[in-house]
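As structure tokens, the structure follows; a few thoughts come after it.
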Amino acid sequence: MRKLILKMSISIDGFVGGPNGEIDWIFGSMDEGVTAWLVDTLWLAGVHIMGSRTYQDMAAYWPSSTEPFAAPMNEIPKVVFSRKGLVQSPNVTLTTAAFKDATRIKSPGDKKTLDIAPSIEASWIDVKVASGDLAGEISRLKQQTGKAILAHGGAGFARSLVESGLIDEYRLLIHPAVLGRGLSLFSGLTKPRDLKLVNTTVFGTGAVAHIYRPVA
């Protein structure tokens, strides 16, 4: 059985996005070390799972990116979770504040203007859609052979996974930023959850990567 990993950037005070989903606060603490850690995490995956709104952000951004994250994001299969049972084809008008922050802050050199390879475009159009009960859909993915299931946001989808108790490993990149208010990752929990810290990596920018696993 393969495991479910949740990867999220998070502020010191526990937010994964600003009040409107802003993520501009994460970019100031990115460096080569952080990038390498994130790329290694992405390549752990045999499948990326995400909510439908995050899908629109990623489908609009990664196919034309030359960043180190682009290869695993474009090449690894995706499953989009949508209660409606369908997902609109990539459409930039459906993107969120996270996409706008990323495209505004990233330098022009991070984006290319060449034609997108058909295989990359297809990897974002020909996605699988999971619309059933969350626990059931995750259980089916876990029963499949292959590398880990890596979960991305958005915040609502990530909270649902946290509440479900199905996450086998948390990979939280804690940025040296305090937001005061925003979108919380753990606000939906009805009782405390014990986690075991299995690894910590401190980066020169002040960001800290924590890997936690649930206490059995």
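None of the figures in this text is laboratory data; all of them are computed from the coordinates on show. Computed from a predicted model, the values in this text were never measured in an experiment. Every residue, glycine as well, gets a Cβ built from its backbone with ideal geometry; the counts of neighbours run over all protein chains shown.
Go through the stretch 120-125 residue by residue and turn each phi into a ³J(HN,Hα) via Karplus (6.51, -1.76, 1.60, θ = phi - 60°); whole Hz please, and just put x for glycine and proline.
For the stretch 120-125, the Karplus curve yields 5, 4, 5, 5, 9, 8 Hz.
Is the stretch 41-179 rounded, prolate or oblate when judged by the Cα gyration tensor, a ≥ b ≥ c being the square roots of its eigenvalues, rounded requiring a/c under 1.5 and prolate requiring a/b larger than b/c? Working shown, then result.
On the way: a/c = 1.58, a/b = 1.32, b/c = 1.19.
Judged from the Cα gyration tensor, the stretch 41-179 comes out prolate (a/c at least 1.5, a/b above b/c).
Filter the chymotrypsin sites (Phe, Trp or Tyr not before Pro) in the stretch 29-96 to those in DSSP coil with at most 11 other Cβ atoms within 10 Å of their Cβ, and list the result.
When the chymotrypsin sites (Phe, Trp or Tyr not before Pro) of the stretch 29-96 are filtered for loop state and at most 11 Cβ neighbours within 10 Å, nothing remains.
Hey, how many Å between the Cα centroid of the stretch 1-42 and the Cα centroid of the stretch 144-215?
For the stretch 1-42 versus the stretch 144-215, the Cα centre distance is 9 Å.
Between Ala36 and Val202, what length comes free when the chain is fully extended (0.36 nm per residue of separation minus the Cα-Cα distance, one decimal in nm)? Mind showing how you got there, number by number?
Numbers: separation 166, 0.36 × 166 = 59.76 nm, distance 1.27 nm.
Gain in length upon complete extension: 58.5 nm.
So, with +1 on the Cβ of K and R and -1 on the Cβ of D and E, and no other charges, what is the size of the charge dipole of the chain about its Cα centre, to the nearest 20 debye? Don't jump to the answer; show the numbers that get you there.
Numbers: 23 positive and 20 negative charges, 127 e Å.
Charge dipole of the chain: 620 debye, to the nearest 20.
Which far-off residues, 5 or more places away or on another chain, put their amide H under 5 Å from the one on Gly17, with H placed in the peptide plane?
Leu183
At a 10 angstrom cut-off on C-beta neighbours, averaged per residue, how do the peptides 6-12, 173-179 rank from highest to lowest?
6-12, 173-179
May I ask you to compute the full-extension gain from Phe69 to Thr190, defined as 0.36 nm times their residue separation minus their alpha-carbon distance, rounded to one decimal in nm?
Values: separation 121, 0.36 × 121 = 43.56 nm, distance 3.47 nm.
Result for the pair: 40.1 nm of gain on full extension.
Let a ≥ b ≥ c be the square roots of the eigenvalues of the Cα gyration tensor of the stretch 1-117; is it rounded (a/c under 1.5), or, if not, prolate (a/b larger than b/c) or oblate? Mind dumping the intermediate values first?
Details: a/c = 1.14, a/b = 1.08, b/c = 1.06.
It is rounded, given that a/c, with a ≥ b ≥ c, falls under 1.5.
Hey, what do the phi angles of the stretch 55-65 turn into as Karplus ³J(HN,Hα) couplings, whole Hz, using 6.51/-1.76/1.60 and θ = phi - 60°, x for Gly and Pro?
4, 4, 4, 5, 5, 7, 9, 6, x, 10, 9
Can you pull out the trypsin sites (Lys or Arg not before Pro) in the stretch 134-178 that DSSP calls coil and that have at most 14 other Cβ atoms within 10 Å? Don't skip to the end; give the middle numbers.
Values: sites: Arg140, Lys142, Lys147, Arg159, Arg171; in loops: Lys147.
Those that pass, being in a loop and sparsely packed, are Lys147.
Under a 5 Å amide H to amide H cut-off, with H placed in plane at 1.01 Å, what residues pair with Ala151 once short-range neighbours are removed?
Placed amide hydrogens put Ile5, Leu6, Lys7, Ile49 under 5 Å from Ala151.
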